Every structure is written in structure tokens, then in C-alpha cells.
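The values are calculated or read from the model by the stated rules, or taken from the named source; none is laboratory data. Note that the structure is predicted; figures quoted are calculated from it, not measured. Here the Cβ positions follow ideal geometry from the backbone for every residue, glycine too, while neighbour counts run over all protein chains shown. SASA here: full protein model, heavy atoms, side chains in, ligands and nucleic acids out. Shrake-Rupley method; radii C 1.70, N 1.55, O 1.52, S 1.80 Å.
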There are 2 protein chains.
Amino acid sequence: MNTSAPHTDFSEAPIRTIAVVGLGLLGGSVAKAVRRGNGGESIRVIGCARREETRQFAIENGFVDDVTSDHIEAASQADLVLIATPVDRIADYVIEIASQCPRVLMTDVGSTKFRIVEAVNCVPEAASRFVAAHPIAGSEKTGLQHACGNLFVEKTIVITPSGKEAPGVIDAVTRFWQSTGGRVVQLTPRRHDDLLAVTSHMPHLMSSLVANQLPVEAIPMIGTGWLDTTRIAAGDEGLWTAIVSENRDAILDALEHTAKNLGDLIRSIRSQDDDSLMTFLRDAREKRESAKPTPTLPQ
Amino acid sequence: MNTSAPHTDFSEAPIRTIAVVGLGLLGGSVAKAVRRGNGGESIRVIGCARREETRQFAIENGFVDDVTSDHIEAASQADLVLIATPVDRIADYVIEIASQCPRVLMTDVGSTKFRIVEAVNCVPEAASRFVAAHPIAGSEKTGLQHACGNLFVEKTIVITPSGKEAPGVIDAVTRFWQSTGGRVVQLTPRRHDDLLAVTSHMPHLMSSLVANQLPVEAIPMIGTGWLDTTRIAAGDEGLWTAIVSENRDAILDALEHTAKNLGDLIRSIRSQDDDSLMTFLRDAREKRESAKPTPTLPQ
């Protein structure tokens, strides 16, 4: 078989079976969303997880039709593989699966995109069948037990094509993601990472900074404001260390911008410049009120 | 009549009528909570608001029994006055009402306490009948239309006695606040403001910093993490400028601590010190998970 398949158009290729590598919150939610067939045809889902109890939970709770601990065994039966592992392992999976499974399409759920796409681009047979994706949906909670089939409904799914895809691959992967209920938008990988540094990665770190400053004796004084502001600080430290590692430069830019603005804010408050403080707070309120990406959903 | 009433014990004084000066989210919620009588006797509530439409809304929606635009008229009929105005006007109201209404007890809902108590302490006849309070409950939303009678149920109500209260005043005000459904705790005014700088005031400003950094083109990339982290940034800028003004030093301490920690975080990330980053994120997660002041309530 010709592993590079250069003359195939994938846009008409049906996606009847998918493999999900990594059965956590996101992998499980995609599995549930497409397996029940959101108005279209149902898809057969093969789940791949290292832990026996995860595989058993996935079968018993209807996330998947079949399970395995071997990602190549899963991928070799599939039309599309979803890599839903921590971000620092995604590119290796894509490259290995591409080398072993010559027809399969691939996508992922990683919160960063540039380094993944850059790594995959070095291997043409992988790049030709991979479209990186990031569903802007999730939770501070991790694990299959929190997965749900409507996690992506009306959420933004960013895809970041590399330009190296075989004909039809972007269309096929776009249709797959639309079948989860999400709205697919395209960005370059660099642009995605720069924007997400500001909308997600920097806010996560600021949330952690606020949480870390809580003295034990202040716990009874906590209100809903503190709880909301620090909710995402409850996220898994391993996942987030990997995200920072993958998007280090953009995150540093965003944090340095924050540090500069914090310095300006401190100077305004110290000098009793209440006009500047009022303007800062009004601008923030207006930004917050303008930011309603999916107005049909409750915030 | 002896306006200082030095020999009266207020602990047995019944509270049958209250005046609420300022019918916003907090004043309206207290009115509703005590008027319906949370398991005890119902209390007559006289609402005081400058705007005719607020007074009308309060009557029509059952927040109060009677309304007026004159706080002295309201207070002169009451056993207790609740001052529920922005923090920078509370002390003046307390002092004026004390001078005109010789028997009335007074409390407030301000988010800061030290400067209010300090100002009231300069006037013995006001200090003898005032117990400053801060219910740790609220919302980024303001206005009577968002008030509700169960806002304080199982929430912490901090009272910050000055030591200048007449006998029984602290007991009477404590019982009043307990009748809203809240749990009353005592702190010194200084301690309250120091703790609230860390649990509320600094987090509010950090939330505003994060909101302010959003570029318009990133709005479609916003997820629930950004929305939660910035929810309180939608608060009213006038109220928050006043809060900063009243608790400037403690807020500056908290912000400078944050700025130092942010500098350390930036250095860890820049130097690729993933062990430090992992520790920082783990500590934050553990702090967040430990911080459940009212475990019986949903977060």
C-alpha cells in the first residue's frame, strides 16, 4: 500500500469508526458526542487507555464500543484517530500512528497548537493526514467520570491547519468536529497560541496566584467572588505544566504584560489617582460585559 | 431624653421595626430576609431610597412595608437602622442618625470596616449604638432587582465591634444578623480589612486586570475559565473605587505581594524551571480545594 496516498481526496471519505487515544474528560466527551450521533449517523468508537479501570468504566458507561490498551491496534481499525492525551505527547502519537496506519485521519484536543503542528510538519506522511484542533470547552475537573456528550454544543472548536494536508482532509476533519455540536473556526497555530495565552493560559496562572495567597485563617471569609476567580486553579498541575512548556513564549509575553499593568495599577492606587482606577475598573467591566461568545448559552 | 442612654441594656430590646438606608442588592436582600421572618417574628421594614422608582419597586415587590426618601424620618421610627450605601458614605449616615435618633441601634453592610469604625468612634453617642458588619455575600450584579431573601443563608456575617458599644448592643445586632440566616463571626476592623484585601479586594483587581487584557479578536476563543475568572470584573466601578479608597494600605500590600509572586512565576517559566512551576500549580490547587467555607452549599 502506498503510505503517502498522495492522490486520494479524503473529503468524501466516510468516518464510520474512530479511535480515541486517551479517555479523559475531553476524549470521553468526544466519544459520547459522536457515538450517540448528534442528529447524524452514529460512529463506532474504539477507546484506548492505559489503565484497566478506565477501559472498564468506558465500556460500562457507554462511552465506547470497544477498548484496548494499544493505540496502534485501535488506530488500525479506525477512519479517524482523536489524540486526547496531555499536550506534550500528542505529536509523538500522531507521527507514530501515521507511520503504522496509512489511511487514517488524525486530530487532537490539545490546548496548544504551534509546537504540535511544527513537530508533525517534519513528517510529511503525518502532516498530510493531521488537522490539529482545540475545542474551547472543558473544566477544572479531569477524568472520564466528568465527561459528557454535550460538552461541545455551541462551543468554539479551533482547527489550525498546517497547509500540508492532503486534499479533503481539512473538510473531513471539520465535518467530524461539527458532528460534536461545536462551531469550527480556523486559525494559524501561532495565532491560536497567542490568543489562548491571553484567554486561557495567563488567566489560569493568575487564578493560581490569587489562590496561593490565601492564608488559612481567611478561609471563613471567602465568598463567591474568590471561588469563581480561583475555580480554574483547581486544574491538574501536570496538564498545566505541559501547556506552559508548549506555549512558553506567548505565555511569558502575556504575563509580562500583566506584570506591567499590575505595576501601573499599584502606582494609581498608591498615588490615590481615583480617576485612573475608575477608568481601569470601567474598562474591565465593559470588556467583561462585551465578552459573550455564545449568547444563547447561560454563562 | 438622655441621648447617650448610658445605663440601658440593649440586649433585651426587641427589634420590631428596621429602617434600611439604601435599597440596593444588599439592603434589599436584608429587608426581604428579615421581613419574611426566617422562622422568627416578622419585622416591619421601612425602606429609604433617593430614587422614586426604587421606592416604588421596593413597595410593589414586597421588600418593605413603607418607603421614604428621608433617612431621619425612617430611622426615627425604627429600633435598628441598616446602612446599605456605598462604603464611603456609611460613617456619615451613622453619625447623623445617632445625633437625631437617640435610641436606635445601627449596623451596616460595607465591604471595608476599619475607616468606618474609626470615624464613628470619634462620636461616642454613635459608637455606643453601632456595630459594623459585613455579610460575605453578594454578586457582581447591583440593584434591588437582584436582591433576594436567602442571600445570607449559611453565609459568613463578620461583625467588627469597636469596644465602645453600650451594654447589650453587640448581642442585639448579632441576633438581628442571625435572623437573616447567616453565621455571625467577630473580627477586629483591622483584621477584617486585612483578610478581605486578600480574599476579595485583590482578587477583584486581578480579575479586572485579566479582563482588561482581552483583545477584541480573542472574544470567540473565550471559554468558561475566562468567564469565571473575570466574573467579578463586571462589578460596579464606583463601588469598587470607594472600597479601594477605604482599604488602600491593605490592598496595596496584597497587590505588591501578588506582583512579587508574579515576578517569581515569570522567572520560573522563563528559566524552564518546571519543578517550581509544578509546585506553584499544585499548591494553588490544594489551596483551592481546601477552601470550602460552607460545604453544605453548592459552589
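The set of residues in the stretch B:227-236 that are within 12 Å of A:Arg285 (Cβ to Cβ), more than 16 Å from the chain's Cα centre (by Cα), open to solvent by 10 Å² or more (accessible area, probe 1.4 Å) and not small (Gly, Ala, Ser) contains only B:Arg231.
Results for (1) hydrophobic (A, V, I, L, M, F, W, C); (2) in a strand (DSSP E or B); (3) under 14 Å from the mean Cα position of the chain (by Cα), shown as yes or no for each residue.
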| position | (1), (2), (3) |
| --- | --- |
| B:Ser162 | no, no, no |
| B:Asp171 | no, no, no |
| B:Leu196 | yes, no, yes |
| B:Ser200 | no, no, yes |
| B:Ser208 | no, no, no |
| B:Pro220 | no, no, no |
| B:Gly225 | no, no, no |
| B:Leu239 | yes, no, yes |
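Among the numbered conditions (1) within 12 Å of another protein chain (Cβ to nearest Cβ); (2) in contact with a helix residue (DSSP H, G or I) (Cβ under 7 Å, 6 or more places away or on another chain), the only one that B:Val120 does not meet is (1).
Residue pairs whose Cβ atoms lie under 9 Å apart, separated by 6 or more positions or on different chains, with the first residue in the stretch A:146-166 and on the phi > 0 side of the Ramachandran plot and the second among the aliphatic types (A, V, I, L, M) and surrounded by fewer than 20 Cβ atoms within 10 Å (Cβ to Cβ), are A:Glu154/A:Leu297. Screening A:Gly225 with (1) modelled with pLDDT of 95 or more; (2) under 30 Å from B:Lys155 (Cβ atoms) gives one miss only, at (1).
The set of residues in the stretch B:255-273 that are at the interface with chain A (Cβ under 7 Å from one of its Cβ atoms) and either open to solvent by less than 50 Å² (accessible area, probe 1.4 Å) or among the hydroxyl-bearing types (Ser, Thr, Tyr) (or both) comprises B:Leu255, B:Thr258, B:Ala259, B:Asn261, B:Leu262, B:Gly263, B:Leu265, B:Ile266, B:Ile269.
Results for (1) closer than 26 Å to B:Pro220 by Cα; (2) more than 7 Å from chain B (Cβ to nearest Cβ); (3) modelled with pLDDT of 95 or more, shown as yes or no for each residue.
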site	(1), (2), (3)
A:Leu187	yes, yes, yes
A:Asp193	yes, yes, yes
A:Pro203	yes, no, yes
A:Leu209	yes, no, yes
A:Asn212	no, no, yes
A:Val216	no, yes, no
A:Thr241	yes, no, yes
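When A:Gly110 is tested against (1) at positive phi; (2) within 15 Å of the chain's Cα centre (by Cα), only condition (1) is not met.
Just one of the listed residues (B:Cys122, B:Cys48) is touching a strand residue (DSSP E or B) at 6+ places or on another chain (Cβ under 6 Å) and not aliphatic (A, V, I, L, M), and it is B:Cys48. A residue that is among the charged types (D, E, K, R), touching a helix residue (DSSP H, G or I) at 6+ places or on another chain (Cβ under 7 Å) and free of Cβ contacts under 8 Å to residues at least 12 places away in the same chain cannot be found anywhere in the stretch B:257-268. Only residues that are under 13 Å from A:Arg129 (Cβ atoms) and touching a Leu at 6+ places or on another chain (Cβ under 7 Å) were counted in the stretch A:55-104, giving 3. Here B:Val169 clears all of (1) closer than 26 Å to B:Arg288 by Cα; (2) open to solvent by less than 10 Å² (accessible area, probe 1.4 Å); (3) of a type in the set (Val, Ile, Thr); (4) touching a Phe, Trp or Tyr at 6+ places or on another chain (Cβ under 8 Å) except the condition numbered (1).
Counting the residues of the stretch B:189-221 that are surrounded by 24 or more Cβ atoms within 10 Å (Cβ to Cβ) and of a type in the set (S, T, N, Q) gives 4. Consider the stretch B:243-253 and keep the residues that are open to solvent by 10 Å² or more (accessible area, probe 1.4 Å) and facing chain A (nearest Cβ under 7 Å). The one that is farthest from B:Pro203 (Cα to Cα) is B:Ser245. Could you tell me whether any residue of the stretch A:142-150 is within 13 Å of chain B (Cβ to nearest Cβ), open to solvent by 20 Å² or more (accessible area, probe 1.4 Å) and of a type in the set (Ser, Thr, Tyr)? Scanning the stretch A:142-150 turns up at least one residue that is within 13 Å of chain B (Cβ to nearest Cβ), open to solvent by 20 Å² or more (accessible area, probe 1.4 Å) and of a type in the set (Ser, Thr, Tyr).
Let me spell it out: the conditions are (1) within 20 Å of A:Pro86 (Cα to Cα); (2) in contact (Cβ under 8 Å) with a residue 40 or more places away in the chain, and A:Glu237 meets all of them except one. Which number is the exception? All conditions pass for A:Glu237, except number (2).
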